[in-house]
Amino acid sequence: PVRPAEYVTGLTLDRTREEIDAADRTLAHLVTTIRGQIGLGSQNPGGWQTSRPVQIPDSRAVESGLTSGPRDGGQLVFRGEESHYVVNLFRTAVSPVDLHYVAYFQDGNFVSSADCLGDPSIRHLFTQITPDARRRSYGGIGRRFKVLARQFGHLMRTGVNGRLVRAVLDVEQGAIYYYRISGEAYLVGVT
């Protein structure tokens, strides 16, 4: 959003992570520039202005258990299937600094999740809702993403020949990410 009821929407046909990240940065810069021209401050859309690279270990390190605890030392809550691989992968990604919640869905059905929603360092962000209520809410959003992504993908397919792989809903405090892995499997993340 630039201001209430005024939005900038971006679309990229690129496929590599570097190209997609560049498009995200460009869109964030564009919104910040427009806001500056009308006398509004930055919303830091997408978090690009303060982002820092996150190192996700390769699959061999995850499979062998060579990963450490959460990136920032917080405690994680796991739900659902807790395979060694998934737990270690989620442990390296979830942090009170940026990615607070991640869930894996298959065909619209919840499989597993990890979060740091109860971490004291982010408690001030959500004073009217408990961590358990937030988990339920994010799980519900995640289940609905299969249908929403399919509908949005069909709308976009008329103008673009391709499938929706990733969507970012940039909200005022953070973002909700949808990332299609393969087939009917996808991840939902919340910052």
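For the stretch 89-190, with all protein chains present and a 1.4 Å probe, just round the carbon and sulfur fraction of the accessible area to a whole percent. Provide the component values of the computation, followed by the final result.
Working: 3140 of 5500 Å².
Answer for the stretch 89-190: carbon and sulfur cover 57 percent of the accessible area.
Is the shape of the stretch 91-191 rounded, prolate or oblate, going by the alpha carbon gyration tensor and its root eigenvalues a ≥ b ≥ c, with a/c under 1.5 for rounded and a/b larger than b/c for prolate? Numbers along the way, then the final one.
Details: a/c = 2.22, a/b = 1.90, b/c = 1.17.
Prolate is the answer for the stretch 91-191, as a/c is 1.5 or above and a/b outweighs b/c.
Using R₀ = 30 Å, calculate the FRET efficiency as 1/(1 + (r/R₀)^6) where r is the Cβ-Cβ separation of residue 179 and residue 124; round to 0.05. Can you show the working numbers first?
Numbers: r = 28 Å, r/R0 = 0.93.
The computed FRET efficiency comes out at 0.60.
What shape does the stretch 151-191 take by its C-alpha gyration tensor, where a ≥ b ≥ c are the square roots of the eigenvalues and a/c under 1.5 counts as rounded, a/b above b/c as prolate, and the rest as oblate? It would help to have the intermediate numbers written out before the result.
Details: a/c = 3.52, a/b = 1.50, b/c = 2.34.
Oblate, since a/c reaches 1.5 and b/c is not below a/b.
Rolling a 1.4 Å sphere over the protein heavy atoms, what is the accessible area per residue of the stretch 76-116, to the nearest Å²?
Values: 1610 Å² over 41 residues.
Roughly 39 Å² per residue, with all protein chains present.
Normalised by the number of residues in the stretch 101-191, what is the relative contact order in percent for Cα pairs under 8 Å and 6+ residues apart? Kindly include the intermediate steps, with their values, before the conclusion.
Numbers: 115 pairs, mean separation 30.4, N = 91.
In percent, rounded to a whole number, it is 33.
Under a plain spin-label model, where a point goes 7 Å from the Cα along Cα-to-Cβ, how far apart in nm are residue 14 and residue 165?
Those two pseudo-labels are separated by 1.2 nm.
Using DSSP to call loops (not H, G, I, E or B), can you name the trypsin sites (Lys or Arg not before Pro) in the stretch 71-179 whose Cβ has at most 13 other Cβ atoms within 10 angstrom? Can you show the working numbers first?
Numbers: sites: 71, 79, 91, 123, 134, 135, 136, 143, 144, 146, 150, 157, 163, 166; in loops: 71, 163.
The qualifying sites are 163.
The values are calculated or read from the model by the stated rules, or taken from the named source; none is laboratory data. These numbers were taken from a predicted model, which means no experiment stands behind them. With ideal geometry, Cβ positions are generated from the backbone for all residues, glycine too; neighbour counts draw on all protein chains shown. Areas reflect the complete protein model, heavy atoms only, side chains present, ligands, DNA and RNA absent. Shrake-Rupley method; radii C 1.70, N 1.55, O 1.52, S 1.80 Å.
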